[in-house]
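What follows is a set of notes on a single structure, which appears directly below.
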Amino acid sequence: MARKAGLFDLRLVIAMLFAVYGVVLVVVGLGFTDEADLAKADGWNVNLWSGVGMLALAAVFAAWTALRPIVVPDDAEAESRRTS
Amino acid sequence: MPVLAEADLRLDAGPLDYALLAVYFVVVLGIGFLARRSVSTSLDFLLSGRSLPAWVTGLAFISANLGAIELLGMAANGAQYGMPTVHYYWIGAIPAMVFLGLVMMPFYYGSKVRSVPEFLRRRFGTGAHLVNAVSFAAAQVLIAGVNLYALASLLNLLLGWPIPLSVVIAAAIVLAYTTLGGLSAAIYNEVLQFFVIVAALLPLTLAALHKVGGWQGLVDKVTAGPGGAEQLSAYPATELTGFQNPVLSVIGIVFGLGFVLSFGYWTTNFAEVQRALSAKSMSAAKRTPIIGAYPKALIPAIIIIPGIIAAVVVPEVQALKAGDASSGVVYNNALPLLIRDLLPNGMLGIAITGLLASFMAGVAANVSSFNTVFTYDLWQDYVRKDRPDEYYLRVGRLATIGGTIVAIFTAFLAAGYGNIMDYIQALFSFFNAPLFATFILGMFWKRMSAAAGWAGLVAGTLGAVLVFVLAETGVLDLPGQGASFLGAGVAFVVDIVVSVAVTMVTRPVPQERLVGLVYSLTPKEDRKHSTTGEDAGWYRSPALLGGGVLVLTAVLNIIFG
């Protein structure tokens, strides 16, 4: 019987990293941005929008992982032995 | 590095920025530990057990190249030369990547070799193999050292960390995850690094475009600047090549950079090819460089454009371009300076993480290809044959440690060189340019003899060295990158001429030994990939994907030409 790969799916790692980054940046962008920060890029809230972008990236990878889980075929071990 | 610039370049990194950096390192090391579970043989460790999906190997393929030299060097070229820098991507990478996937991968992956030098050993025997394995291993350790040094000097400038400390910390982190998880850990981290680099550079580019007044603002400012409107179009790039004549300049780019240098680098550099060899099927191996080619075609937008903008908005770079170098800033500082000026705390941490990620990607690629060539091509072939596999797994781990230690020492040696880009280009043209000539002759001309294999490589390398020496001593006057383009061209031609001449007077390799290695002696079905299971679907066709990226590149060339 085919089984799903456990915790270690690279797509999930990417999703988690960027979810953390995205949340932190959005919070900083909304709550902790003063005029001096904004003035650096002439008024564009870099943190807020970068954070939103990273959350979107995280969502895409999470959705991909959920929709197409890695399936490890039964004969995976036999196969890797054959090629080595 | 100029002492004067130190205080000016210091980034205002706060606790938040360091926290974001720390999160990244935790994930990187975590991947090393997790990947360790899948390592039980030397092939698992050194070639990921040939099990990775194409999108992973494809992104790792370009990420392995997205190291220190690439990021800072290309942004620097963007600041100095402007738009012509895109040739390093569109002419200098895409065609060669597609060629590797469609034409050469059937022989690399199909013959089940474990490294590029091993292909040479089976095709030409010991002579060519030794020349290539030794020069490759040496070059990788050298380049790993250059990457480490660049990383350390950047950390020193930006954050004030002492150079020796940064060299050792960065080396320790790369060493930790590559020794634990082998190539899988290196490749998984390269994919992660790719996204972090994009996450760092894309907001920077958007903020910079906002600052400069959008695309039109950029065009106006560059046109009014010292470079003039010429820097906004990719051709004829006379400033970049150093050839005054526009026709010669374009020939230099298309033949020197586009054909010889780039084909030599992308198709025979094992640090790149190794990523494709770790793919799980012939179809995935063919798609690896082609999938990598799509981001490669688009990534200049977030590397070169920030460089160009840095030259019009960062005061120090503006001054440098106008001929005033008194601030001590060099073009290689363009990207960090833009980060300093534009990004608030938070994004600043991500940007620092992205820069560090890119350096470590380069070092990890060097180290993980070095250990494979050392283990399989030097140790197993010439020192200790026929040991059990656990023995070679152990050698692989020890080679990783040894290579990193040598790289740390090279890092301190590299400190003497100012322009990292020129230095690396020179190395590439010595080793890589003749290689492509030998491979392409060897794959398509069954008559080519074993002696021609090594003789061509040696003669070609000497040709490149000769051009380099002539240019360095001022006999040939080619500013810019012209000398390395010419050196690569000379190496290629000399290799072909010597190989053909030697083949004419020596015995050919017996044909039965060349099955799977030479085009005319390999049955068609051995070169084809499966189109069932996970290789099914028109969108997984290597030829279609390859054609797509060539069209994309042609369109980009027309728009920005």
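The values are calculated or read from the model by the stated rules, or taken from the named source; none is laboratory data. Nothing here was measured: the structure is a model prediction, and the numbers come from that model. Neighbour counts run over all protein chains shown; Cβ positions are idealised from the backbone, glycine included.
The single condition among (1) more than 30 Å from residue B:307 (Cα to Cα); (2) more than 12 Å from every other protein chain (Cβ to nearest Cβ); (3) among the hydrophobic types (A, V, I, L, M, F, W, C) that residue B:355 does not meet is (1).
Would you confirm whether any residue within region B:147-159 is closer than 22 Å to residue B:379 by Cβ, part of a helix (DSSP H, G or I) and among the hydroxyl-bearing types (Ser, Thr, Tyr)?
First pass over region B:147-159, keeping only residues closer than 22 Å to residue B:379 by Cβ: none.
Looking for residues that are closer than 22 Å to residue B:379 by Cβ, part of a helix (DSSP H, G or I) and among the hydroxyl-bearing types (Ser, Thr, Tyr), one finds none in region B:147-159, hence no.
Just need a number here: residues in region B:497-520 that are part of a helix (DSSP H, G or I) and surrounded by fewer than 18 Cβ atoms within 10 Å (Cβ to Cβ).
Of region B:497-520, the ones part of a helix (DSSP H, G or I) are B:497-505, B:511-514, B:519-520.
Adding the requirement that they be surrounded by fewer than 18 Cβ atoms within 10 Å (Cβ to Cβ) leaves B:497, B:500-501, B:504-505, B:511-513, B:519-520.
So the count comes out to 10.
Give me the helices (runs of 4 or more DSSP H) completely within region B:208-291, filtered to those with at least 1 residues that are among the charged types (D, E, K, R), modelled with pLDDT of 85 or more and farther than 24 Å from residue B:308 by Cα, ordered by residue number. Steps first, please.
On the way: elements: B:214-224, B:238-241, B:246-251, B:262-268, B:270-277.
Ranges flagged: B:270-277.
Out of A:18, A:8, I need the residue that is at pLDDT below 90 and at the interface with chain B (Cβ under 8 Å from one of its Cβ atoms). Which one? Let's see the steps before the verdict.
Working: A:18 fails: at pLDDT below 90.
Just a single option satisfies the conditions, and that option is A:8.
Suppose the filter is surrounded by fewer than 24 Cβ atoms within 10 Å (Cβ to Cβ), more than 14 Å from every other protein chain (Cβ to nearest Cβ) and either polar (S, T, N, Q) or over 23 Å from residue B:186 (Cβ atoms) (or both); does residue B:334 pass it? For residue B:334, the condition - surrounded by fewer than 24 Cβ atoms within 10 Å (Cβ to Cβ), more than 14 Å from every other protein chain (Cβ to nearest Cβ) and either polar (S, T, N, Q) or over 23 Å from residue B:186 (Cβ atoms) (or both) - is not met. Under the condition of being part of a helix (DSSP H, G or I) and within 19 Å of residue B:264 (Cα to Cα), the residues counted in region B:61-84 number 5.
Can you tell me which residues in region A:27-36 are facing another protein chain (nearest Cβ under 10 Å), more than 18 Å from residue B:353 (Cα to Cα) and not in a loop (DSSP other than H, G, I, E, B)? Those that are facing another protein chain (nearest Cβ under 10 Å), more than 18 Å from residue B:353 (Cα to Cα) and not in a loop (DSSP other than H, G, I, E, B): A:27, A:29, A:36. Can you pull out the residues in region B:178-205 that are over 20 Å from the mean Cα position of the chain (by Cα) and surrounded by fewer than 24 Cβ atoms within 10 Å (Cβ to Cβ)? B:179, B:180, B:202, B:205 - these are the residues of region B:178-205 that are over 20 Å from the mean Cα position of the chain (by Cα) and surrounded by fewer than 24 Cβ atoms within 10 Å (Cβ to Cβ). The residues of region B:171-200 that are out of contact with any Ser or Thr (no Cβ under 9 Å at 6 or more places or on another chain) and more than 10 Å from chain A (Cβ to nearest Cβ), listed by number, are B:173, B:176, B:177, B:180. For region B:346-361, the condition holds for at least one residue, the condition being that it is in contact with a helix residue (DSSP H, G or I) (Cβ under 7 Å, 6 or more places away or on another chain) and not in a helix (DSSP H, G or I).
Within region A:39-50, restricting attention to residues that are at the interface with another protein chain (Cβ under 8 Å from one of its Cβ atoms) and not in a loop (DSSP other than H, G, I, E, B), the residue that is nearest to the chain's Cα centre (by Cα) is A:50. The residue list B:128, B:139 contains one member that is on the phi < 0 side of the Ramachandran plot, surrounded by fewer than 24 Cβ atoms within 10 Å (Cβ to Cβ) and more than 14 Å from chain A (Cβ to nearest Cβ), which is B:139.
Would region B:258-270 turn up any residue that is more than 17 Å from the chain's Cα centre (by Cα), under 22 Å from residue B:93 (Cβ atoms) and not hydroxyl-bearing (Ser, Thr, Tyr)?
no
The set of residues in region B:1-42 that are at pLDDT below 80 and not in a loop (DSSP other than H, G, I, E, B) comprises B:5, B:6, B:7, B:8, B:9.
Of all the listed residues (B:470, B:476, B:435), the sole one being modelled with pLDDT under 90 and in a loop (DSSP other than H, G, I, E, B) is B:476. Screening residue B:320 with (1) assigned to a helix (DSSP H, G or I); (2) crowded, with 19+ Cβ neighbours inside 10 Å; (3) at pLDDT 85 or above gives one miss only, at (3). Hey, could you check region B:107-125 for residues that are over 27 Å from residue B:66 (Cβ atoms) and of a type in the set (Lys, Arg) and say which is farthest from the other protein chains (Cβ to nearest Cβ)? Applying the filter and picking the extreme gives B:123.
Taken over region B:372-396, the criterion of being surrounded by fewer than 19 Cβ atoms within 10 Å (Cβ to Cβ) and not aliphatic (A, V, I, L, M) is satisfied by B:381, B:382, B:384, B:385, B:386, B:387, B:388, B:389, B:390, B:391, B:394.
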